[in-house]
Amino acid sequence: MKIKPTSLLACVVSGLLVLTAVLSYNNFTRQWKDDLIIPSKHVTTVKWLSDYLPWLKGTRGDSRVFIIDSGVPGGTFGLLGGTHPDEQAGWMAAIILVEKLQLKSGKMVIIPHANNSAMTHSFPQEATPQFIHIPTDDGAVRVFRGGSRGTNPVDYWPDPEVFSHYQTGQKLSGEEVRNLNRNYPGRPDGQFTERVAHAIFKVLIDEGVDINLDLHEAWPEYPFVNAVGADQRASDIASLAALDLRMEGVEIGVEAVPKKFRGLSYRELSEYSNAMGLLAETPNASQGRIRGITDETLVIKGQDEFYVTATQLGRTFAKFDEHGWPLSKRVARHIALINALARTYTETYPEKPIEFENMPTYDELVDTPVGHFLNSPAAVAGN
Amino acid sequence: MKRTQSWIAKISAVVVAVFGLAMTTANAVEPVKAEFPVLVTSFGQAPDGNTITVLAKRIGAQLTYDTLATPEKVKEFKTVIVSIGVSLKGFGAAGVNLDTEIARAADILKVAKDDNIKVIGFHIGGEGRRDQMSDKIIETYAGDFDTLVVYKDGNQDGIFTKIAQEKNIPFIELEKLPQVSEVLKQILK
């Protein structure tokens, strides 16, 4: 039997299409697998958001909640990373604490991937990296997802024309329906991202969180950068922590919570729970609008010639030079802030201490690749 | 014992001298002393006024903090500490803008002048509070204060030094931000 050339061509093209589809599917769904996090022996409990809102079980919105309980009565510090997963220093700082932090008193509740669904895809048409590779001291490589800003459209689609914040009716652009930090305090029976927000709200309530910090990153040209935002109850602690940091040579500003802008973690969680609300921002060139090549090198090294020029022209709020803003420096700032907040909280509320032990200092963190502070996968293999 | 006391006195003198150098005064005019009650407010809604209030509390001084103080409220006080610096988040939080802040600042300074209320300006936000909008407030009103206290990081171009010299205003420049506490002790005692 003779096969016509056109039929052969059709078969080849179809085969290539199927192959492309399979490879694309595999590539895309690789991001659906949770990142390896290797908790230290000081982590006393690992829960899931679905323990607080069972509806999330089996969804990509379910996420790990790591609890480090010193066993000594004190305050409880809540920490959110990965509210916007493409703000990588946030979840990296949270993961380092899960893997290294030791407490002398009080309790720490850490959710490294607050919006886990947003970890499962990269930003469409922004060419952001799917994965970040971080070598550890023993030469092994830890692989983390690059993440996106909002919930995966696979979990919620299509976006409405206009997003309306349920509790207040505030109107925002439709895509904000998938932005966790516009959906607080959420609803147990709302749309996908509202349910994630509600589960986090429940964590704060059930675990008795006293002070909650949401770790973010921002465009270098965004005015709220290298700063901590605080709700009114947290403003004294934030002011003192910022002073402490400035004594250590870490310049950081303090900003007030915008009362009329609703749905933000540090605005709503502080209103609906007993937790003081705080939010921190470091500069990440991979998010900015004038960045150059956007790959994991930009995320890790934070060097971008266009931002150097923009700084020279006075167009950035975070100053860029040839050294850039590497991940180690951004993580160092977040961890130094957490440390300072715990100190000033303990100073202000001595009856509810939250005291850390063996925390690396800012100087140790800033000049050391973050992989040094991560556990090696060999530790898991050896178990 | 006398020898120990003598050494303590010498060491104290050195510390005071070193500290005095670290907090540069740009002119020979003595900074004003605050009279109580003292109000802390903001020109520009940066929350640095809260830092001042918290630090004052640490040294035992109770100040009233009101970021949106009205001219009527200012009349209730003998001294006003103004934290200078614009925060867009602060504008959002307070529901104000640069124009309304500039108008409020003008009204406050007028009331303070009419009622002989001392006004002490603090700029402790560093370079981060030297954007165009902050500069507009600084250029417009920094010359109207009875004393200026400025963190060096925000005075790299010498704008405050120049204003203080031109207007003969007592001026303190802080090398390190935590020196705010020392200045507050000096002003509030």
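At a glance:
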quantity: Förster-model FRET efficiency, 56 Å R0, A:Lys41 and B:Lys167, C-beta, rounded to 0.05; calculated: 0.35
quantity: Cα gyration tensor of region B:83-189 - equivalent ellipsoid semi-axes, whole Å, descending; calculated: 21, 18, 14
quantity: Inverse mean reciprocal Cα-Cα distance (Kirkwood Rh) of the protein assembly as shown, Å; calculated: 25.6 Å
quantity: Convex hull volume per residue for region A:42-381, taking Cα atoms only, in Å³; calculated: 131 Å³
quantity: Whether region B:64-146 is rounded, prolate or oblate, judged on the alpha carbon gyration tensor where a/c under 1.5 counts as rounded; calculated: prolate
quantity: Label-to-label distance, nm, for residues given as A:Tyr349 and B:Leu68 (7 Å Cα→Cβ offset); calculated: 2.7 nm
quantity: Shielding by other protein chains, B:42-52, mean Cβ within 10 Å; calculated: 4
quantity: Virtual spin-label span in nm between A:Glu357 and A:Thr20, 7 Å along Cα→Cβ; calculated: 5.9 nm
quantity: Cross-link table A:Lys107/A:Lys202; B:Lys110/B:Lys167; A:Lys259/A:Lys352; B:Lys136/B:Lys167, entries beyond 23 Å C-alpha to C-alpha; calculated: A:Lys259/A:Lys352
quantity: Integer Hz, Karplus 6.51/-1.76/1.60 couplings in order for region A:339-347, x for Gly and Pro; calculated: 4, 5, 5, 4, 5, 6, 5, 5, 5
quantity: Cα-based shape type of region A:256-383, given that a ≥ b ≥ c are square roots of the gyration tensor eigenvalues and the cut on a/c is 1.5; calculated: oblate
quantity: Vicinal HN-Hα couplings computed from phi for region A:180-194 (Karplus, 6.51 cos²θ - 1.76 cosθ + 1.60; Hz; Gly/Pro x); calculated: 3, 7, 10, 10, 5, x, x, 9, x, 10, x, 6, 3, 6, 5
quantity: Stretchable slack from A:Gln170 to A:Val143, in nm (0.36 nm times residue separation minus alpha-carbon distance); calculated: 5.9 nm
quantity: Candidates A:Gly15, A:Gly74, A:Gly324: whichever shows maximal mean-square fluctuation once chain A is modelled as a Gaussian network with Cα springs under 10 Å; calculated: A:Gly15
quantity: Spacing of the two label points (7 Å from each Cα toward its C-beta) at A:Ile290 and B:Asp107, in nm; calculated: 3.8 nm
quantity: 222 nm mean residue ellipticity, helices alone, for chain A (DSSP H n ≥ 4; -39,500 (n - 2.57); rounded to 500); calculated: -10000 deg cm²/dmol
quantity: Gyration tensor (alpha-carbon) shape descriptor, region A:192-255, a/c threshold 1.5; calculated: oblate
quantity: Phi to ³J(HN,Hα) by Karplus 6.51 cos²θ - 1.76 cosθ + 1.60 over region A:5-19, Hz, x for Gly, Pro; calculated: x, 5, 5, 4, 4, 4, 5, 4, 4, 4, x, 5, 4, 5, 4
quantity: Estimated FRET transfer efficiency (A:Met247, A:Phe28; beta-carbon r; R0 45 Å; 0.05); calculated: 0.45
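Each value in this text was obtained by applying a stated rule to the coordinates, not by laboratory testing. What you see is a predicted model, and the numbers here were worked out from it, not measured in a lab. Virtual Cβ from ideal backbone geometry, glycine too; neighbours counted across all protein chains shown.
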